[in-house]
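Before any comments, here is the structure.
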Amino acid sequence: MKRSLWMRIKLSLERIYLSFRNYFMTHPVKIYITTSVICFLVLALVQFILVYNTYDLLNRRFYYEKKGIIYEKYTRAIINDHLFPGGKKIIDSYIKPRFKELERLHNTDTAAFKIQTQILLNDIFRTLIKEQKADSLITDIKKKGNITDSLRYLLSVRRIELMFGDGIKYVNIYDSRKKYPLIDSSIQQKKGLHIYGDLPTPDDQNTVINLNVSDPIPYTYAISFTLNADPYNRRQLVFRQMRLMLTMSLLSMLAIITLFIITLRNWIKQKHLSDVKTDFINNITHEFHTPLTAIMVANKNIQNEKILDNKTALRSLSEIIERQSQRLKLLIGQVLDIAAIDKLSVHKEPHNLNVLVKDILTDFSIKFSAANLQLTFEECPCNIIVDADGFHFATLLLNILDNAVKYNLQAVKQIKVNITQDKENVQIMVSDNGIGMTKETTRYIFDKFYRHQKDLTQYSKGLGLGLHYVKQCIDAHQWKLKVESEAGKGSTFVIIIPV
């Protein structure tokens with residue numbers, strides 16, 4: 001049982017591996033780009049995390065160098081005072097007249113004591129906010145200290161305690177860590193009761209003053225308050241400290257992208273050169289195969305004793321061998337690299353089109369003499385002389401005829417070739433009863449290496465070079481080519497030669 005399970009797992013892993021390998025072999029560029037993009041994104045994410053952590057560290061350690069000036073001048077301005085000049089007087093005016101009553105409530109009714117102290121504090125802080133002079137004091141400090149930066153402030157009270165007649169210990173009536181329902185919620189912040197300023201994030205780095213004022217004698221109070229200040233452009237100042245790191249990070253990312261593009265371009269170029277080489281080898285193999293097959297078939301027929309006694313047939317076979325030998329010689333001499341050039345060079349000479357096509361069809365019929373091939377040729381009634389490169393014309397027509405046989409599942413493969421002429425053009429029509437093509441397929445059949453995977457590759461082998469070469473030959477001659485086809489009903493190729 002365990003062995004069977006292990007075998008199933010092993011087979012599944014092998015299928016996954018083979019699927020991945022096949023996909024990699026058929027889509028190498030996509031795999032390369034996808035892998036590279038994923039790696040780049042991971043690298044960019046790591047880089048971003050490092051930059052962010054550096055920013056966060058510098059932001060936490062940020063120190064405003066002019067805090068010392070503000071601290072010195074502010075503390076000097078509030079000597080023997082609280083919060084701001086005149087603040088102690090306001091607080092005293094509320095608390096001192098209520099000391100005896102608050103002491104009684106504290107000793108007799110704790111709940112009432114808490115309610116009364118909250119009401120008292122709410123009144124005190126409303127008055128402090130209304131009468132605060134911190135705004136004008138800080139403006140004056142900035143002017144005298146030559147501080148031109150735009151700053152944000154926060155003046156807040158963190159703790160208030162009362163000392164009653166026993167003079168032993170303080171009784172807390174406000175702590176910034178707690179919320180008090182009877183004190184205005186708009187002035188209660190995380191760091192304490194808000195008196196002045198709009199700094200949203202007070203912390204240890206931007207604390208300018210942190211004072212605890214107390215007088216440990218009966219019927220006094222202790223107050224703890226802080227003043228925070230921070231530049232409006234704190235983030236810019238932090239980034240300014242990071243500018244070298246940011247510059248190096250950006251340059252490194254740009255270098256990676258540039259190297260990736262250069263590497264990808266060179267790799268695609270090398271792949272293209274490899275495809276050209278493969279294209280060349282397969283095309284030359286294909287082109288050599290046709291004349292060699294014709295020569296071998298003609299030679300085999302010559303060895304037939306009946307043919308040896310027929311001088312006419314012998315002469316015809318000899319002419320075929322001669323033509324195909326000349327064609328083979330041209331192939332060896334030219335060694336035409338079809339894939340490496342976009343435009344063929346043709347050497348045009350006058351040819352009798354009927355004779356030229358007839359000779360090509362004769363050679364073609366010998367090649368497929370063993371197949372159930374029904375080849376029909378209708379000449380043009382009049383002699384037509386066209387300027388054409390005989391070698392390339394023969395190759396393009398043979399490629400069309402080869403496809404007509406290869407992509408044909410009929411018991412009898414019918415191919416019809418006819419030549420017609422009108423006032424403007426000469427037309428060579430090659431029709432077959434093969435598998436045909438859809439409109440979608442006919443749009444791409446002249447692209448190099450294109451083969452319709454669903455319909456074509458299951459019937460024959462090849463790399464999709466034949467019709468690409470046909471289109472090159474047509475363009476080199478400055479002719480036109482039209483394709484008419486329907487799936488399951490055969491195809492018709494029409495070569496249009498201007499008169």
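The values are calculated or read from the model by the stated rules, or taken from the named source; none is laboratory data. The structure presented is a predicted model; accordingly, all values stated were derived computationally and were not measured. Backbone-built Cβ (ideal geometry, glycine too); neighbour counts: all protein chains shown. Keep in mind that these areas ignore ligands, DNA and RNA; they rest on the heavy atoms of the full protein, side chains included. Shrake-Rupley method; radii C 1.70, N 1.55, O 1.52, S 1.80 Å.
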Taking only pairs six or more apart or across chains, which ones have beta-carbon atoms under 9 Å, a first residue in the stretch 94-111 that is open to solvent by 100 Å² or more (accessible area, probe 1.4 Å), and a second residue that is in a helix (DSSP H, G or I)?
104/113; 107/113
Does the stretch 402-409 include one or more residues that are surrounded by fewer than 19 Cβ atoms within 10 Å (Cβ to Cβ) and among the basic types (Lys, Arg)?
yes
Residue pairs meeting the criteria (Cβ under 8 Å; at least 6 apart or on separate chains; first assigned to a strand (DSSP E or B), in the stretch 465-484; second of a type in the set (Gly, Ala, Ser) and buried (at least 18 other Cβ atoms within 10 Å of the Cβ))
483/491; 484/491
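Kindly evaluate residue 423 against the criterion of being farther than 25 Å from residue 383 by Cβ, at pLDDT below 90 and open to solvent by 20 Å² or more (accessible area, probe 1.4 Å).
Taking the combined requirement at face value, the residue does not satisfy it.
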Go over the candidates 148, 201 one by one and state the one that is out of contact with any Leu (no Cβ under 7 Å at 6 or more places or on another chain) and either aromatic (Phe, Trp, Tyr) or surrounded by 10 or more Cβ atoms within 10 Å (Cβ to Cβ) (or both).
201
Do you know which residues across the stretch 293-312 are surrounded by 11 or more Cβ atoms within 10 Å (Cβ to Cβ) and either touching a helix residue (DSSP H, G or I) at 6+ places or on another chain (Cβ under 6 Å) or in a helix (DSSP H, G or I) (or both)?
293, 294, 295, 296, 297, 298, 299, 300, 301, 302, 307, 308
Enumeration of residues in the stretch 123-161 that are under 20 Å from residue 203 (Cβ atoms) and part of a helix (DSSP H, G or I):
134, 138
Filtered residues of the stretch 174-218 (kept if among the polar types (S, T, N, Q) and in a strand (DSSP E or B))
188, 189, 207, 210, 212
From the list 185, 156, which one is within 21 Å of residue 122 (Cα to Cα) and either surrounded by fewer than 14 Cβ atoms within 10 Å (Cβ to Cβ) or within 50 Å of the chain's Cα centre (by Cα) (or both)?
185
So, of the residues in the stretch 49-70 that are aromatic (Phe, Trp, Tyr) and exposed (fewer than 12 other Cβ atoms within 10 Å of the Cβ), which turns out to be nearest to residue 229 (Cα to Cα)?
63
Residue pairs meeting the criteria (Cβ under 7 Å; at least 6 apart or on separate chains; first under 19 Å from residue 496 (Cβ atoms), in the stretch 394-419; second open to solvent by 20 Å² or more (accessible area, probe 1.4 Å) and part of a loop (DSSP other than H, G, I, E, B)):
419/379
